[in-house]
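Trainee: Before anything else, here's the structure in question.
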Amino acid sequence: MAKHAKSLLSRWSSRVFLVEVDEKPLYFRLQERHRGERAPRVFGRLREEDRCYSVLVCSGDRIKAAKFYPELRDKLARDLPPGCDLTRMGSFLPRVRDSFIRGYFLKSSAESSAHIERLLRDLGRREPLLVCSYAAAGGGGQRWTQRLWSPSEDETVSDYFVVPSDEPESHPSALSMINNDVFYSFEEARDVFRKCGGIIPEAASVLEMLPGSPEVCRKPNFPVIVIEGLDATGKTTLTESLRDSLGAALLRSPPECLSPWRALFDQEPPLIRRAFYALGNYITAQQIAQEGMKTPVIVDRFWHSTAAYAIATATSGPVSNLPQRGSEVYSWPSDLLQPSFVLLLTLDAEERKRRLKDRGLEKTDEEQQLDRNQLFRLRVEEAYRRISGPPCVTVDASPSADKVLQQTLLLIRSNCHL
Ligand SMILES: Nc1nc2c(ncn2[C@H]2C[C@H](O)[C@@H](COP(=O)(O)OP(=O)(O)OP(=O)(O)O)O2)c(=O)[nH]1
Ligand SMILES: Nc1ncnc2c1ncn2[C@@H]1O[C@H](COP(=O)(O)OP(=O)(O)O)[C@@H](O)[C@H]1O
(Lines give C-alpha, C1' and ligand atoms only; values in the text may rest on other atoms or scores of the structure.)
(Ligands and ions follow the chains in the order given, each with its own letter.)
Protein backbone atom coordinates (compact mmCIF):
# COMPACT_ATOMS: atom_id res chain seq x y z
CA MET A 1 0.00 0.00 0.00
CA ALA A 2 1.28 3.52 -0.75
CA LYS A 3 3.21 4.47 2.41
CA HIS A 4 1.68 7.93 2.60
CA ALA A 5 -1.85 6.55 2.20
CA LYS A 6 -1.14 4.05 4.98
CA SER A 7 -0.13 6.85 7.36
CA LEU A 8 -3.31 8.72 6.41
CA LEU A 9 -5.50 5.69 7.12
CA SER A 10 -3.86 5.14 10.50
CA ARG A 11 -5.63 8.25 11.84
CA TRP A 12 -8.64 8.16 9.58
CA SER A 13 -11.32 8.38 12.27
CA SER A 14 -9.55 11.41 13.87
CA ARG A 15 -9.89 13.33 10.61
CA VAL A 16 -12.49 16.00 9.91
CA PHE A 17 -13.93 16.22 6.40
CA LEU A 18 -14.99 19.45 4.75
CA VAL A 19 -17.29 19.69 1.76
CA GLU A 20 -18.19 23.14 0.42
CA VAL A 21 -21.80 23.27 -0.65
CA ASP A 22 -22.65 26.69 -2.26
CA GLU A 23 -19.39 28.01 -0.70
CA LYS A 24 -20.80 27.05 2.73
CA PRO A 25 -18.64 24.55 4.67
CA LEU A 26 -20.17 21.27 5.85
CA TYR A 27 -17.95 19.44 8.41
CA PHE A 28 -18.27 15.76 9.29
CA ARG A 29 -16.34 12.83 10.81
CA LEU A 30 -16.36 9.06 10.43
CA GLN A 31 -17.02 6.63 13.26
CA GLU A 32 -16.45 2.88 13.12
CA ARG A 33 -19.77 2.19 14.73
CA HIS A 34 -22.70 4.18 15.79
CA ARG A 35 -23.73 3.97 19.39
CA GLY A 36 -27.40 4.18 20.37
CA GLU A 37 -29.42 6.93 18.79
CA ARG A 38 -30.24 6.93 15.07
CA ALA A 39 -27.21 8.00 13.08
CA PRO A 40 -27.89 11.51 11.69
CA ARG A 41 -28.27 12.16 8.00
CA VAL A 42 -25.33 14.49 7.40
CA PHE A 43 -25.99 15.09 3.71
CA GLY A 44 -29.66 15.87 3.89
CA ARG A 45 -32.28 13.56 2.43
CA LEU A 46 -30.15 11.08 0.51
CA ARG A 47 -32.45 8.63 -1.28
CA GLU A 48 -31.68 4.89 -1.20
CA GLU A 49 -30.67 5.10 -4.87
CA ASP A 50 -28.25 8.03 -4.35
CA ARG A 51 -24.50 7.58 -4.12
CA CYS A 52 -21.71 9.96 -3.11
CA TYR A 53 -17.96 9.60 -3.39
CA SER A 54 -15.10 11.40 -1.76
CA VAL A 55 -11.94 11.32 -3.86
CA LEU A 56 -8.85 12.49 -1.95
CA VAL A 57 -5.41 12.82 -3.53
CA CYS A 58 -2.96 11.15 -1.17
CA SER A 59 0.29 11.16 -3.09
CA GLY A 60 3.29 11.47 -0.78
CA ASP A 61 5.04 13.74 -3.32
CA ARG A 62 3.56 17.23 -2.89
CA ILE A 63 4.68 18.41 -6.34
CA LYS A 64 2.94 15.44 -7.98
CA ALA A 65 -0.14 15.95 -5.77
CA ALA A 66 -0.22 19.68 -6.67
CA LYS A 67 0.05 18.91 -10.41
CA PHE A 68 -2.46 16.05 -10.26
CA TYR A 69 -5.19 17.90 -8.34
CA PRO A 70 -6.30 20.27 -11.20
CA GLU A 71 -5.84 17.41 -13.70
CA LEU A 72 -8.14 15.23 -11.59
CA ARG A 73 -10.76 18.00 -11.59
CA ASP A 74 -10.61 18.36 -15.38
CA LYS A 75 -10.86 14.59 -15.93
CA LEU A 76 -13.78 14.22 -13.53
CA ALA A 77 -15.58 17.25 -14.99
CA ARG A 78 -15.11 15.80 -18.49
CA ASP A 79 -15.71 12.08 -17.94
CA LEU A 80 -18.33 11.91 -15.22
CA PRO A 81 -21.81 10.86 -16.37
CA PRO A 82 -24.35 13.66 -16.82
CA GLY A 83 -26.21 14.66 -13.68
CA CYS A 84 -23.20 13.96 -11.47
CA ASP A 85 -22.47 16.85 -9.09
CA LEU A 86 -18.77 17.72 -8.40
CA THR A 87 -17.55 20.00 -5.58
CA ARG A 88 -14.22 20.61 -3.84
CA MET A 89 -13.55 18.85 -0.55
CA GLY A 90 -10.73 18.41 1.94
CA SER A 91 -9.79 16.50 5.04
CA PHE A 92 -7.58 17.50 7.96
CA LEU A 93 -6.54 16.65 11.50
CA PRO A 94 -7.67 19.55 13.73
CA ARG A 95 -4.73 21.83 14.66
CA VAL A 96 -2.22 19.58 12.85
CA ARG A 97 -0.28 21.63 10.28
CA ASP A 98 0.20 20.17 6.81
CA SER A 99 -2.45 17.52 7.54
CA PHE A 100 -4.80 19.01 4.92
CA ILE A 101 -5.40 16.81 1.86
CA ARG A 102 -7.50 17.99 -1.05
CA GLY A 103 -10.00 16.22 -3.23
CA TYR A 104 -13.46 16.30 -4.71
CA PHE A 105 -16.91 15.21 -3.60
CA LEU A 106 -19.17 13.57 -6.20
CA LYS A 107 -22.90 13.04 -5.90
CA SER A 108 -24.76 10.86 -8.39
CA SER A 109 -27.46 8.25 -8.84
CA ALA A 110 -26.79 4.55 -8.13
CA GLU A 111 -26.92 3.56 -11.82
CA SER A 112 -23.83 5.71 -12.49
CA SER A 113 -21.82 3.92 -9.77
CA ALA A 114 -20.20 1.36 -12.05
CA HIS A 115 -19.10 4.09 -14.51
CA ILE A 116 -17.79 6.31 -11.70
CA GLU A 117 -15.92 3.49 -9.94
CA ARG A 118 -14.28 2.42 -13.23
CA LEU A 119 -13.19 6.02 -13.85
CA LEU A 120 -11.81 6.42 -10.30
CA ARG A 121 -9.98 3.09 -10.45
CA ASP A 122 -8.28 4.19 -13.70
CA LEU A 123 -7.34 7.54 -12.13
CA GLY A 124 -6.12 5.75 -8.99
CA ARG A 125 -3.59 3.91 -11.17
CA ARG A 126 -1.99 7.32 -11.91
CA GLU A 127 -1.76 8.68 -8.39
CA PRO A 128 -2.91 7.14 -5.08
CA LEU A 129 -6.51 8.13 -4.41
CA LEU A 130 -8.39 7.57 -1.24
CA VAL A 131 -11.90 6.90 -2.54
CA CYS A 132 -14.86 6.51 -0.25
CA SER A 133 -18.27 5.51 -1.56
CA TYR A 134 -21.18 6.54 0.50
CA ALA A 135 -24.86 5.58 0.65
CA ALA A 136 -27.83 5.85 2.94
CA ALA A 137 -27.28 2.89 5.29
CA GLY A 138 -30.15 0.67 6.36
CA GLY A 139 -31.42 1.54 9.85
CA GLY A 140 -30.79 5.25 9.48
CA GLY A 141 -27.64 7.33 9.15
CA GLN A 142 -25.29 7.10 6.26
CA ARG A 143 -22.62 4.45 5.87
CA TRP A 144 -19.25 5.31 4.44
CA THR A 145 -17.41 2.44 2.75
CA GLN A 146 -13.82 3.36 2.23
CA ARG A 147 -11.55 1.95 -0.45
CA LEU A 148 -7.95 2.85 -1.11
CA TRP A 149 -7.16 2.68 -4.82
CA SER A 150 -3.54 3.23 -5.64
CA PRO A 151 -1.10 2.34 -8.42
CA SER A 152 -0.22 -0.83 -6.50
CA GLU A 153 -3.85 -1.79 -7.02
CA ASP A 154 -4.34 -2.96 -3.45
CA GLU A 155 -7.69 -2.11 -2.03
CA THR A 156 -8.66 -1.85 1.60
CA VAL A 157 -12.30 -1.68 2.49
CA SER A 158 -13.63 -0.51 5.83
CA ASP A 159 -17.00 0.78 6.90
CA TYR A 160 -17.81 3.89 8.91
CA PHE A 161 -20.80 5.92 9.95
CA VAL A 162 -20.85 9.58 8.92
CA VAL A 163 -21.55 12.00 11.79
CA PRO A 164 -21.58 15.83 11.88
CA SER A 165 -18.50 17.64 13.24
CA ASP A 166 -18.21 21.10 14.76
CA GLU A 167 -16.79 23.93 12.66
CA PRO A 168 -13.11 24.45 13.71
CA GLU A 169 -12.17 27.83 15.20
CA SER A 170 -10.29 28.79 12.02
CA HIS A 171 -10.78 27.66 8.43
CA PRO A 172 -8.61 24.53 7.88
CA SER A 173 -6.97 26.05 4.80
CA ALA A 174 -4.81 28.08 7.22
CA LEU A 175 -3.28 24.74 8.38
CA SER A 176 -1.74 24.08 5.00
CA MET A 177 -0.85 27.59 3.77
CA ILE A 178 2.57 27.84 5.39
CA ASN A 179 5.18 27.03 2.71
CA ASN A 180 2.55 25.54 0.43
CA ASP A 181 0.60 28.66 -0.58
CA VAL A 182 2.77 31.32 1.06
CA PHE A 183 6.54 30.87 1.34
CA TYR A 184 8.31 32.23 4.40
CA SER A 185 11.86 31.44 3.39
CA PHE A 186 14.02 31.49 0.30
CA GLU A 187 15.02 27.86 0.92
CA GLU A 188 11.39 26.64 1.04
CA ALA A 189 10.52 28.35 -2.26
CA ARG A 190 13.75 27.27 -3.95
CA ASP A 191 13.19 23.68 -2.76
CA VAL A 192 9.89 23.56 -4.68
CA PHE A 193 11.66 24.70 -7.86
CA ARG A 194 14.46 22.18 -7.36
CA LYS A 195 11.84 19.40 -7.15
CA CYS A 196 9.95 20.72 -10.21
CA GLY A 197 12.86 20.29 -12.57
CA GLY A 198 11.74 16.83 -13.70
CA ILE A 199 8.31 17.99 -14.83
CA ILE A 200 8.89 21.69 -15.66
CA PRO A 201 12.26 22.19 -17.44
CA GLU A 202 11.90 25.99 -17.23
CA ALA A 203 12.26 25.72 -13.44
CA ALA A 204 16.01 25.31 -14.02
CA SER A 205 16.16 28.67 -15.85
CA VAL A 206 14.51 30.40 -12.90
CA LEU A 207 16.91 28.71 -10.45
CA GLU A 208 19.85 30.08 -12.45
CA MET A 209 18.54 33.63 -11.86
CA LEU A 210 18.53 33.26 -8.07
CA PRO A 211 21.04 34.81 -5.70
CA GLY A 212 23.30 32.31 -3.90
CA SER A 213 21.59 33.10 -0.62
CA PRO A 214 18.77 35.42 0.34
CA GLU A 215 20.76 37.30 2.94
CA VAL A 216 20.92 40.91 1.88
CA CYS A 217 24.36 41.89 3.00
CA ARG A 218 23.75 45.49 4.07
CA LYS A 219 20.70 47.62 4.81
CA PRO A 220 20.23 50.18 1.98
CA ASN A 221 21.46 53.70 2.75
CA PHE A 222 18.36 55.22 1.12
CA PRO A 223 14.64 54.68 1.80
CA VAL A 224 12.83 51.83 0.00
CA ILE A 225 9.15 52.57 -0.72
CA VAL A 226 6.79 49.84 -1.99
CA ILE A 227 3.53 50.74 -3.77
CA GLU A 228 0.85 48.09 -3.45
CA GLY A 229 -2.76 47.69 -4.56
CA LEU A 230 -5.08 45.79 -6.90
CA ASP A 231 -4.56 46.11 -10.64
CA ALA A 232 -5.59 49.51 -12.07
CA THR A 233 -5.41 51.33 -8.74
CA GLY A 234 -2.67 53.44 -10.33
CA LYS A 235 0.57 51.80 -9.17
CA THR A 236 2.40 51.99 -12.51
CA THR A 237 1.40 55.64 -13.01
CA LEU A 238 2.35 56.60 -9.46
CA THR A 239 5.64 54.65 -9.27
CA GLU A 240 6.87 56.22 -12.53
CA SER A 241 5.98 59.71 -11.26
CA LEU A 242 7.69 59.03 -7.92
CA ARG A 243 10.81 57.85 -9.75
CA ASP A 244 10.91 61.15 -11.65
CA SER A 245 10.03 63.37 -8.65
CA LEU A 246 12.51 61.73 -6.25
CA GLY A 247 15.26 60.79 -8.72
CA ALA A 248 14.70 57.25 -7.44
CA ALA A 249 15.37 53.84 -8.95
CA LEU A 250 12.16 52.02 -10.02
CA LEU A 251 11.98 48.23 -9.53
CA ARG A 252 9.10 45.77 -9.64
CA SER A 253 8.29 42.25 -8.50
CA PRO A 254 8.44 39.85 -10.20
CA PRO A 255 11.63 41.35 -11.67
CA GLU A 256 12.09 41.90 -15.41
CA CYS A 257 14.53 38.94 -15.64
CA LEU A 258 11.68 36.50 -14.81
CA SER A 259 9.19 37.87 -17.34
CA PRO A 260 9.97 35.17 -19.99
CA TRP A 261 8.55 32.52 -17.61
CA ARG A 262 5.80 34.37 -15.79
CA ALA A 263 2.89 33.39 -18.07
CA LEU A 264 3.99 29.75 -17.84
CA PHE A 265 4.16 29.67 -14.04
CA ASP A 266 0.90 31.61 -13.75
CA GLN A 267 -0.74 28.46 -15.19
CA GLU A 268 0.83 26.17 -12.59
CA PRO A 269 -0.94 25.04 -9.37
CA PRO A 270 -0.61 27.34 -6.31
CA LEU A 271 2.33 25.44 -4.75
CA ILE A 272 4.50 26.14 -7.81
CA ARG A 273 3.05 29.49 -8.86
CA ARG A 274 3.44 31.05 -5.41
CA ALA A 275 7.00 29.72 -5.12
CA PHE A 276 7.70 31.54 -8.41
CA TYR A 277 6.45 34.88 -7.03
CA ALA A 278 8.26 34.32 -3.73
CA LEU A 279 11.56 33.73 -5.56
CA GLY A 280 10.87 36.85 -7.64
CA ASN A 281 10.74 38.86 -4.42
CA TYR A 282 14.19 37.58 -3.38
CA ILE A 283 15.71 38.61 -6.72
CA THR A 284 14.04 42.04 -6.43
CA ALA A 285 15.34 42.30 -2.84
CA GLN A 286 18.89 41.86 -4.10
CA GLN A 287 18.33 44.58 -6.73
CA ILE A 288 16.84 46.87 -4.03
CA ALA A 289 19.92 46.35 -1.84
CA GLN A 290 22.21 47.32 -4.73
CA GLU A 291 20.21 50.36 -5.92
CA GLY A 292 19.43 51.45 -2.36
CA MET A 293 23.11 52.14 -1.74
CA LYS A 294 22.99 54.91 -4.36
CA THR A 295 19.44 56.36 -4.48
CA PRO A 296 15.94 56.00 -2.97
CA VAL A 297 14.12 52.97 -4.42
CA ILE A 298 10.47 52.71 -5.51
CA VAL A 299 9.06 49.18 -5.91
CA ASP A 300 5.88 48.25 -7.80
CA ARG A 301 4.44 45.35 -5.74
CA PHE A 302 6.47 43.16 -3.40
CA TRP A 303 5.71 40.81 -0.50
CA HIS A 304 2.21 42.19 0.26
CA SER A 305 0.95 41.21 -3.22
CA THR A 306 2.55 37.78 -3.00
CA ALA A 307 1.08 37.00 0.40
CA ALA A 308 -2.31 38.68 -0.05
CA TYR A 309 -3.17 36.98 -3.37
CA ALA A 310 -1.92 33.61 -2.11
CA ILE A 311 -3.85 33.77 1.18
CA ALA A 312 -7.03 35.03 -0.52
CA THR A 313 -6.80 32.26 -3.13
CA ALA A 314 -6.17 29.50 -0.59
CA THR A 315 -9.18 30.63 1.48
CA SER A 316 -12.68 30.40 0.06
CA GLY A 317 -15.91 32.10 1.06
CA PRO A 318 -16.34 35.27 3.13
CA VAL A 319 -13.58 37.46 4.63
CA SER A 320 -14.34 35.84 8.01
CA ASN A 321 -12.75 32.64 6.65
CA LEU A 322 -9.35 34.35 6.40
CA PRO A 323 -6.81 33.29 9.04
CA GLN A 324 -7.33 35.52 12.08
CA ARG A 325 -5.47 38.84 12.47
CA GLY A 326 -2.10 38.26 14.06
CA SER A 327 -1.83 34.74 12.58
CA GLU A 328 1.71 33.73 11.61
CA VAL A 329 0.37 33.45 8.06
CA TYR A 330 0.63 37.29 7.84
CA SER A 331 4.23 37.47 9.08
CA TRP A 332 7.04 38.88 6.93
CA PRO A 333 9.71 36.30 5.96
CA SER A 334 12.68 36.70 8.30
CA ASP A 335 15.12 36.37 5.36
CA LEU A 336 13.40 38.92 3.08
CA LEU A 337 14.49 42.58 3.02
CA GLN A 338 11.92 44.87 4.66
CA PRO A 339 11.17 48.18 2.87
CA SER A 340 11.13 51.46 4.82
CA PHE A 341 7.52 52.15 3.93
CA VAL A 342 4.57 50.52 2.11
CA LEU A 343 1.71 52.50 0.53
CA LEU A 344 -1.49 50.61 -0.25
CA LEU A 345 -3.59 52.29 -2.96
CA THR A 346 -7.32 51.77 -2.53
CA LEU A 347 -10.07 52.58 -4.99
CA ASP A 348 -13.79 51.87 -5.17
CA ALA A 349 -14.64 48.90 -7.40
CA GLU A 350 -16.47 50.89 -10.12
CA GLU A 351 -13.65 53.43 -10.62
CA ARG A 352 -11.11 50.63 -10.67
CA LYS A 353 -13.09 48.77 -13.34
CA ARG A 354 -13.27 51.97 -15.41
CA ARG A 355 -9.52 52.46 -15.22
CA LEU A 356 -8.88 48.82 -16.02
CA LYS A 357 -11.05 49.17 -19.14
CA ASP A 358 -9.36 52.46 -20.14
CA ARG A 359 -5.97 50.83 -19.80
CA GLY A 360 -7.10 48.21 -22.29
CA LEU A 361 -4.58 45.53 -21.23
CA GLU A 362 -6.08 42.06 -20.92
CA LYS A 363 -6.68 41.09 -17.34
CA THR A 364 -4.74 38.39 -15.51
CA ASP A 365 -6.78 35.38 -14.42
CA GLU A 366 -6.68 36.81 -10.94
CA GLU A 367 -8.03 40.12 -12.15
CA GLN A 368 -10.84 38.32 -13.94
CA GLN A 369 -11.51 36.46 -10.73
CA LEU A 370 -11.46 39.77 -8.83
CA ASP A 371 -14.17 41.03 -11.13
CA ARG A 372 -16.29 37.89 -11.07
CA ASN A 373 -15.91 37.16 -7.45
CA GLN A 374 -16.38 40.07 -5.09
CA LEU A 375 -15.66 37.75 -2.15
CA PHE A 376 -12.18 37.06 -3.54
CA ARG A 377 -11.51 40.80 -3.99
CA LEU A 378 -12.61 41.52 -0.42
CA ARG A 379 -10.32 38.74 0.87
CA VAL A 380 -7.35 40.16 -1.09
CA GLU A 381 -7.98 43.69 0.22
CA GLU A 382 -8.34 42.46 3.82
CA ALA A 383 -5.29 40.19 3.57
CA TYR A 384 -3.23 43.20 2.37
CA ARG A 385 -4.22 45.07 5.52
CA ARG A 386 -3.32 42.17 7.87
CA ILE A 387 0.23 41.67 6.63
CA SER A 388 2.64 42.44 9.48
CA GLY A 389 6.14 43.87 9.01
CA PRO A 390 6.97 47.36 7.67
CA PRO A 391 4.50 50.22 8.25
CA CYS A 392 1.75 50.15 5.62
CA VAL A 393 -0.31 53.28 4.95
CA THR A 394 -3.53 53.23 2.90
CA VAL A 395 -3.85 55.97 0.28
CA ASP A 396 -7.13 56.86 -1.47
CA ALA A 397 -6.22 56.54 -5.16
CA SER A 398 -9.45 58.07 -6.50
CA PRO A 399 -8.27 61.72 -6.89
CA SER A 400 -6.40 62.75 -10.05
CA ALA A 401 -2.98 61.23 -10.71
CA ASP A 402 -1.31 64.48 -9.76
CA LYS A 403 -3.21 64.79 -6.47
CA VAL A 404 -2.36 61.20 -5.54
CA LEU A 405 1.31 61.96 -6.34
CA GLN A 406 1.32 65.05 -4.12
CA GLN A 407 -0.37 63.17 -1.27
CA THR A 408 2.10 60.31 -1.58
CA LEU A 409 5.13 62.63 -1.68
CA LEU A 410 3.92 64.27 1.54
CA LEU A 411 3.64 60.88 3.25
CA ILE A 412 7.04 59.72 1.99
CA ARG A 413 8.82 62.91 2.95
CA SER A 414 7.36 62.89 6.47
CA ASN A 415 7.89 59.14 7.05
CA CYS A 416 11.15 58.59 5.20
CA HIS A 417 12.84 61.94 5.81
CA LEU A 418 13.39 62.46 2.11
N1 LIG B 1 3.47 41.38 -8.87
C2 LIG B 1 2.83 40.35 -8.34
N3 LIG B 1 1.63 40.04 -8.84
C4 LIG B 1 1.01 38.96 -8.30
C5 LIG B 1 1.57 38.19 -7.28
N6 LIG B 1 0.72 37.19 -6.97
C7 LIG B 1 -0.30 37.34 -7.78
N8 LIG B 1 -0.15 38.40 -8.59
C9 LIG B 1 -1.13 38.83 -9.57
C10 LIG B 1 -1.86 40.04 -9.08
C11 LIG B 1 -2.39 40.63 -10.35
O12 LIG B 1 -3.52 39.97 -10.85
C13 LIG B 1 -1.26 40.40 -11.29
C14 LIG B 1 -0.48 41.64 -11.27
O15 LIG B 1 0.74 41.40 -11.82
P16 LIG B 1 1.55 42.66 -12.30
O17 LIG B 1 1.71 43.59 -11.16
O18 LIG B 1 2.80 42.30 -12.99
O19 LIG B 1 0.59 43.15 -13.43
P20 LIG B 1 0.38 44.59 -13.76
O21 LIG B 1 1.66 45.33 -13.87
O22 LIG B 1 -0.58 44.65 -14.89
O23 LIG B 1 -0.39 44.99 -12.43
P24 LIG B 1 -0.52 46.46 -12.00
O25 LIG B 1 -1.01 47.14 -13.22
O26 LIG B 1 0.86 46.88 -11.56
O27 LIG B 1 -1.50 46.35 -10.88
O28 LIG B 1 -0.53 39.27 -10.79
C29 LIG B 1 2.84 38.56 -6.77
O30 LIG B 1 3.41 37.93 -5.89
N31 LIG B 1 3.42 39.67 -7.32
N1 LIG C 1 -5.17 58.86 -10.17
C2 LIG C 1 -5.68 58.44 -11.36
N3 LIG C 1 -6.84 58.97 -11.81
C4 LIG C 1 -7.37 58.54 -12.98
N5 LIG C 1 -6.83 57.57 -13.77
C6 LIG C 1 -5.68 57.02 -13.34
C7 LIG C 1 -5.05 57.40 -12.13
N8 LIG C 1 -3.91 56.68 -12.00
C9 LIG C 1 -3.86 55.85 -13.06
N10 LIG C 1 -4.90 56.06 -13.88
C11 LIG C 1 -5.21 55.37 -15.13
O12 LIG C 1 -5.79 54.13 -14.73
C13 LIG C 1 -5.27 53.07 -15.55
C14 LIG C 1 -4.52 52.04 -14.64
O15 LIG C 1 -3.41 52.73 -14.08
P16 LIG C 1 -2.07 51.90 -13.79
O17 LIG C 1 -1.07 52.86 -13.29
O18 LIG C 1 -1.72 51.03 -14.93
O19 LIG C 1 -2.56 50.98 -12.56
P20 LIG C 1 -1.85 49.66 -11.99
O21 LIG C 1 -0.39 49.76 -12.32
O22 LIG C 1 -2.14 49.73 -10.52
O23 LIG C 1 -2.53 48.53 -12.65
C24 LIG C 1 -4.36 53.69 -16.54
O25 LIG C 1 -5.10 53.87 -17.75
C26 LIG C 1 -4.00 55.03 -15.93
O27 LIG C 1 -3.74 56.00 -16.91
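Trainee: Mind telling me which of the residues Leu418, Leu410 ends up being more than 12 Å from Leu230 (Cα to Cα), part of a helix (DSSP H, G or I) and hydrophobic (A, V, I, L, M, F, W, C)? Outline the logic, then answer.
Mentor: On the way: Leu418 fails: part of a helix (DSSP H, G or I).
So the residue among Leu418, Leu410 that is more than 12 Å from Leu230 (Cα to Cα), part of a helix (DSSP H, G or I) and hydrophobic (A, V, I, L, M, F, W, C) is Leu410.
Trainee: Pro390: part of a loop (DSSP other than H, G, I, E, B), at pLDDT below 95 and crowded, with 17+ Cβ neighbours inside 10 Å, yes or no? Steps first, answer last, please.
Mentor: Working: part of a loop (DSSP other than H, G, I, E, B): yes; at pLDDT below 95: yes; crowded, with 17+ Cβ neighbours inside 10 Å: yes.
Considered against the rule, which asks whether it is part of a loop (DSSP other than H, G, I, E, B), at pLDDT below 95 and crowded, with 17+ Cβ neighbours inside 10 Å, Pro390 comes out as yes.
Trainee: Which residue pairs have Cβ atoms closer than 7 Å, lie 6 or more positions apart in sequence or on different chains, and pair a first residue in segment 109-122 that is in the same structural domain as Leu86 (by the TED database) with a second residue that is in a helix (DSSP H, G or I) and surrounded by 12 or more Cβ atoms within 10 Å (Cβ to Cβ)?
Mentor: Leu119/Asp79
Trainee: Separate question: Residue under question is Ala401, and the condition is that it be open to solvent by less than 20 Å² (accessible area, probe 1.4 Å), at pLDDT 95 or above and in contact with a helix residue (DSSP H, G or I) (Cβ under 7 Å, 6 or more places away or on another chain); does it hold? Quick ask: steps written out before the conclusion?
Mentor: Numbers: open to solvent by less than 20 Å² (accessible area, probe 1.4 Å): no; at pLDDT 95 or above: yes; in contact with a helix residue (DSSP H, G or I) (Cβ under 7 Å, 6 or more places away or on another chain): yes.
Against the criterion (open to solvent by less than 20 Å² (accessible area, probe 1.4 Å), at pLDDT 95 or above and in contact with a helix residue (DSSP H, G or I) (Cβ under 7 Å, 6 or more places away or on another chain)), Ala401 does not qualify.
Trainee: Please specify each residue of segment 94-151 satisfying the condition of being assigned to a strand (DSSP E or B), modelled with pLDDT under 80 and under 14 Å from Phe68 (Cβ atoms).
Mentor: Trp149
Trainee: Going through segment 9-23 one residue at a time, which ones are surrounded by 14 or more Cβ atoms within 10 Å (Cβ to Cβ) and modelled with pLDDT of 80 or more?
Mentor: Within segment 9-23, Trp12, Arg15, Val16, Phe17, Leu18, Val19 qualify.
Trainee: Still on this structure: Restricting to segment 219-243, and then to whatever is more than 7 Å from ligand 2 (Cβ to nearest atom) and among the β-branched types (Val, Ile, Thr), can you tell me which residue is farthest from Lys403 (Cα to Cα)?
Mentor: Val224
Trainee: Can we say Arg218 is more than 19 Å from the chain's Cα centre (by Cα) and among the basic types (Lys, Arg)?
Mentor: Working: more than 19 Å from the chain's Cα centre (by Cα): yes; among the basic types (Lys, Arg): yes.
Yes: the conditions hold for Arg218.
Trainee: Being open to solvent by 30 Å² or more (accessible area, probe 1.4 Å) and either in a strand (DSSP E or B) or of a type in the set (Gly, Ala, Ser) (or both) is the filter here, so list the residues in segment 186-209 that pass it.
Mentor: Within segment 186-209, Gly197, Gly198, Ala204, Ser205 qualify.
The values are calculated or read from the model by the stated rules, or taken from the named source; none is laboratory data. These numbers come from a predicted model, not from an experiment. Every residue, glycine among them, receives a Cβ derived from its backbone with ideal geometry; neighbour counts consider all protein chains shown. Accessible surface areas use protein heavy atoms only, side chains included; no ligands, DNA or RNA. Shrake-Rupley method; radii C 1.70, N 1.55, O 1.52, S 1.80 Å.
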